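One structure is given below, encoded as structure tokens.
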Amino acid sequence: MGVLDVMAKIAGYVPTVEKPKQKPGLYERLFWTAIALIIYVIMANTPLYGITQSGAGPRLLLVEIIFASNRGTLMELGIGPIVTAGLIMQILVGAKMIDIDLSNPDDRRKFTSAQKTFALLLAGFEAGMYAAACRYWYYVGNPFFGCQAALWPRLSVALQLFFATYIVILLDEMIQKGWGLGSGVSLFILAGVAQRFFWNLFSPVSYGGVPFGFIPYILYLSQAGGLSLGSILVRRGTPDLVGFITTITIIFLLIYLEGMRVEIPVTSPRLRSIKTKVPLKFLYVTNIPILLVGILYSDLLVFSSLIRMYFPQGSSIADFLAVYDERNNLVGGLAFYLSPPRGLVYTIAQPVRAFVYAVGVLGLAILFGLMWVEIAGLSPSAQAEQLIKSGMEIPGVRRNPKILERMLAKYITPLTILSSIIAAIIAITADLLGAYGTGMGILLAIGIVQQYYMMIAYERTLEAYPLLKRLIGE
């Protein structure tokens, strides 16, 4: 019995959500989706019991967006363990280190169960690391031995983080198994991005006597008589007009690009008169490469912030991971270059940081895009095989899988690379110009909203035409 079998068997002993015996109606599924979202929002605003400070170091906005987390609350880990487990296992499958056929329902079920066990193990490890690193209390010297908190408060916090993550896993399972729509992971990311967007736009909270939100800031300046284009165009570290225009522009650009298709003409060898086209999305890999880059960067930021706490300030290892100034602002180290400069002011002031971040995201997006098409069955060979099984062929091309594969590769490989580059450039540009919700967050949010729109339209069509539901076997 392999490791994957053992992990899948362990998942069988963990309480889970059963599939509904009969598929619920659309409004019932929307109801349970809303319940899952409400539970998540409540946990994301419930402080951890027994802590004395919300966490050390600056807020890592990228981590909070990608992991749908909120520092110092039950959602400190967010969906981090779930998406990290998925990323690692998908990479292992893509590298053929795990021999499994994801097109086989039994293997797919085994893979999903093993992934759940892995997510729980990561949740336990991260929760233990957060408590052991004395993240929520003051400490002297080494955080493990010099923490002001006793053993029981630290153990209590670790258990709170672990069980909160387990609840998130159950909510995700509930939605994916048919009680809701879409997936919990996508829903929680969308909620986090939406919350960040509205916070940047409408937050009345003041910093230094000036409102943080863009709209309250405009009202503040108009009442004070200092409203001008220059005063709202660019702000340092807070929402401004450049960020707002960038956000709106990118939203419309993504909606337009999502509708673009590259069409390949096909026909049936038995019915030559019937001709059709296979549409390939222009953004062939959609937002998946950016999501994978975001997960990788977020994991590196989280673990570097935890490991750094065990080394004294000024040591070579601590400075390699993160460097802070006297006001506790991040000014150097790995965490500095993995997180983008937020806004035009910081981009101009920190060109090296902006360049390193942009090159890293661009290179990894292309790498993950090429990897994803192989894992997800979107490669030229998989598409050629599917085309032959469906009884279709490309006019003027023999029904030979290898010939079809080479033909499709002329479309799919360039589309994969180009779509990965475009998605990366959009995310990078949005981050450097200070878009509300971060570039990666907007890219993911637009893709998730469109997925929900398509799912709701599909479900409404099935409910309107019961015969169609029987024809497709639902």
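Listed values, structure above:
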{"quantity": "Hey, Val157 of a type in the set (A, V, I, L, M, F, W, C), part of a helix (DSSP H, G or I) and under 18 Å from the mean Cα position of the chain (by Cα) or not", "calculated": "no"}
{"quantity": "Qualifying residues in the range 134-146 (those that are open to solvent by 30 Å² or more (accessible area, probe 1.4 Å) and part of a loop (DSSP other than H, G, I, E, B)) - the one nearest to Val93 (Cα to Cα)", "calculated": "Phe144"}
{"quantity": "Of all residues making up the range 63-81, the number that are of a type in the set (A, V, I, L, M), farther than 13 Å from Ser298 by Cα and open to solvent by 10 Å² or more (accessible area, probe 1.4 Å)", "calculated": "1"}
{"quantity": "Every residue from the range 154-180 that is out of contact with any strand residue (DSSP E or B) (no Cβ under 9 Å at 6 or more places or on another chain) and either open to solvent by 50 Å² or more (accessible area, probe 1.4 Å) or of a type in the set (Lys, Arg) (or both)", "calculated": "Leu155, Leu159, Phe162, Phe163, Ile167, Gln176, Lys177, Trp179"}
{"quantity": "Selection within the range 219-233 - closer than 16 Å to Gly434 by Cα and either in contact with a Pro (Cβ under 9 Å, 6 or more places away or on another chain) or surrounded by 17 or more Cβ atoms within 10 Å (Cβ to Cβ) (or both)", "calculated": "Ile232"}
{"quantity": "Residue list for the range 60-96, filter: more than 12 Å from the chain's Cα centre (by Cα) and in a loop (DSSP other than H, G, I, E, B)", "calculated": "Leu60, Asn70, Arg71, Gly72, Leu74, Met75, Glu76, Leu77, Ala95, Lys96"}
{"quantity": "Top-ranked residue of the range 182-228 - restricted to ones that are among the hydroxyl-bearing types (Ser, Thr, Tyr) and over 21 Å from Gly343 (Cβ atoms), ranked as farthest from the chain's Cα centre (by Cα)", "calculated": "Ser222"}
{"quantity": "Subset of the range 357-380 (residues that are of a type in the set (Gly, Ala, Ser) and either surrounded by 17 or more Cβ atoms within 10 Å (Cβ to Cβ) or over 22 Å from Asp99 (Cβ atoms) (or both))", "calculated": "Ala358, Gly360, Gly363, Ala365, Gly369, Ser379"}
{"quantity": "Pairs, first more than 14 Å from Gly180 (Cα to Cα) and modelled with pLDDT of 90 or more in the range 447-460, second exposed (fewer than 11 other Cβ atoms within 10 Å of the Cβ) and among the aromatic types (Phe, Trp, Tyr), C-beta under 8 Å, six or more apart", "calculated": "none"}
{"quantity": "Test: residue in the range 339-349 that is within 28 Å of Ala123 (Cα to Cα) and of a type outside the set (Asp, Glu)", "calculated": "yes"}
{"quantity": "Among the candidates Ala131, Ala149, Ala119, residue that is farther than 24 Å from Pro289 by Cα, among the small types (Gly, Ala, Ser), open to solvent by less than 20 Å² (accessible area, probe 1.4 Å) and part of a helix (DSSP H, G or I)", "calculated": "Ala131"}
{"quantity": "Long-range neighbours under 9 Å by Cβ, at least six apart or interchain, first residue free of Cβ contacts under 8 Å to residues at least 24 places away in the same chain within the range 12-23, second of a type in the set (Lys, Arg) and open to solvent by 100 Å² or more (accessible area, probe 1.4 Å)", "calculated": "none"}
{"quantity": "Residues within the range 252-263 that are in contact (Cβ under 8 Å) with a residue 24 or more places away in the chain, assigned to a helix (DSSP H, G or I) and surrounded by fewer than 18 Cβ atoms within 10 Å (Cβ to Cβ), tallied", "calculated": "4"}
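The values are calculated or read from the model by the stated rules, or taken from the named source; none is laboratory data. Computed from a prediction, not measured in an experiment: that's the story for all the values here. Neighbour counts run over all protein chains shown; Cβ positions are idealised from the backbone, glycine included. In case anyone asks, the SASA skips ligands and DNA or RNA and just uses the protein heavy atoms, side chains included. Shrake-Rupley method; radii C 1.70, N 1.55, O 1.52, S 1.80 Å.
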